[in-house]
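Here is the structure we will look at, set down as structure tokens.
The values are calculated or read from the model by the stated rules, or taken from the named source; none is laboratory data. Since the model is a prediction, treat every value here as computed from it, not as a measurement. Here the Cβ positions follow ideal geometry from the backbone for every residue, glycine too, while neighbour counts run over all protein chains shown. Please note that ligands, DNA and RNA were not included when accessible areas were found on the heavy atoms of the full protein model with its side chains. Shrake-Rupley method; radii C 1.70, N 1.55, O 1.52, S 1.80 Å.
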Amino acid sequence: MASTSRGEALALPRVTCPNHPDALLVEDYRAGDMICPECGLVVGDRVIDVGSEWRTFTNEKATKDPSRVGDAQNPLLNGGDLTTMISKGTGAASFDEFGNSKYQNRRTMSSSDRAMLNAFKEITTMADRINLPRNIIDRTNNLFKQVYEQKSLKGRANDAIASACLYIACRQEGVPRTFKEICAVSRISKKEIGRCFKLILKALETSVDLITTGDFMSRFCSNLGLPKHVQMAATFIARKAVELDLVPGRSPISVAAAAIYMASQASAEKKTQKEIGDIAGVADVTIRQSYRLIYPRAPDLFPPDFKFDTPVDKLPQL
């Protein structure tokens with residue numbers, strides 16, 4: 001018989017060999033048995049094979065679909081999207097005397113489910129364009145479902161609501177994206193996404209953490225190809241500027257861009273305002289305005305161990 005080691009109270013039971021509890025069991029898929037490799041004891045039988053029940057050959061992929069179970073269940077749709085698809089008949093019994101098919105797919109999907117399904121596809125497409133992981137897509141889908149079922153944003157386009165939900169999901173998961181980045185992968189204006197963002201927060205009675213310069217620094221520096229020591233210096237400069245209250249009223253994105261510009265100009269890896277602006281999504285004049293605010297205190301902003309390629313007094317004054 002198999003002995004079961006329970007471990008902690010909440011741990012799942014583990015099937016082991018009574019004679020060799022540390023041995024890794026071998027699974028025989030054909031017989032459905034779990035066998036101890038040390039003594040050959042059949043520890044468990046009737047193991048369910050979760051693999052596919054068919055083999056697909058290269059020349060059959062485009063013409064045949066051996067799946068008989070349909071798509072995976074979608075818990076976000078009413079009824080879990082449990083539908084049956086009848087394949088097209090080829091024999092004489094499949095048609096009536098007028099040549100019409102006797103069996104047709106009557107997929108009874110409600111208009112609300114159809115709208116949500118289209119929104120989920122749009123969310124997945126937008127997330128793929130900016131390389132967002134699956135957990136953010138799932139959170140966005142859940143947010144959209146809550147908003148859609150509450151009917152609190154009637155009159156707003158579903159694409160705008162989906163874009164705002166994606167923005168909120170990124171903020172809640174700790175990987176914020178700017179409005180311009182979301183706007184670039186959607187067909188909605190920045191202004192409309194901002195409106196939906198405020199309405200959704202009010203409707204769901206939820207909140208998001210305030211964005212900081214550190215939320216964008218690593219991504220911006222990575223996209224600019226800057227080395228680690230420049231990124232660390234830019235992060236230090238931005239944090240110090242906020243602590244000293246040098247940039248009141250400035251957005252964290254513009255402060256981060258100005259800090260990157262200052263750190264890069266002091267290092268050997270110099271970047272222009274336009275290069276940084278293209279990555280950060282801010283105008284050159286915005287970077288200059290923030291840079292002018294922090295430039296007078298530049299000697300106090302750099303980390304003590306920073307190795308200057310250009311001295312502080314030789315930094316551009318703009």
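Of the residues Arg292, Arg297, ranked by 1.4 Å probe accessible area with the largest first, the sequence reads Arg292, Arg297.
Over 32 Å apart at the Cα level, from the set Lys274/Lys307; Lys240/Lys270; Lys145/Lys274; Lys191/Lys270, are Lys145/Lys274; Lys191/Lys270.
Along the charge dipole of the stretch 126-245, which of Val185, Tyr167, Met232 sits closest to the positive end, that is, farthest toward it, with unit charges on the beta carbon of Lys, Arg, Asp and Glu (+1, +1, -1, -1)? Going by the Cα projections, it comes out as Val185. Solvent-accessible surface of the stretch 191-318, taken per residue with a 1.4 Å probe and all protein chains present: 52 Å². Here Ser110 sits with roughly 50 square angstrom of accessible surface, probe radius 1.4 Å.
Restricting the stretch 97-203 to trypsin sites (Lys or Arg not before Pro) that sit in a DSSP loop and have at most 13 other Cβ atoms within 10 Å of their own Cβ leaves Lys102, Arg106, Arg107, Lys151, Lys154, Arg187. Each other residue within a Cβ distance under 12 Å of Ile294 adds +1 if Lys or Arg and -1 if Asp or Glu, for a net charge of +3. Over all other residues within a Cβ to Cβ distance under 13 Å of Leu24, the charged ones net out to -2, with Lys and Arg as +1 and Asp and Glu as -1.
How high is the relative contact order of the stretch 96-242? Use alpha-carbon pairs under 8 Å, at least six apart in sequence, and give a whole percent.
Relative contact order for the stretch 96-242 comes out at 19 percent.
Here's how it looks for Thr16: its modeled amide H is under 5 Å from those of Ser3, Ser5, which are all 5 or more places away or on a different chain.
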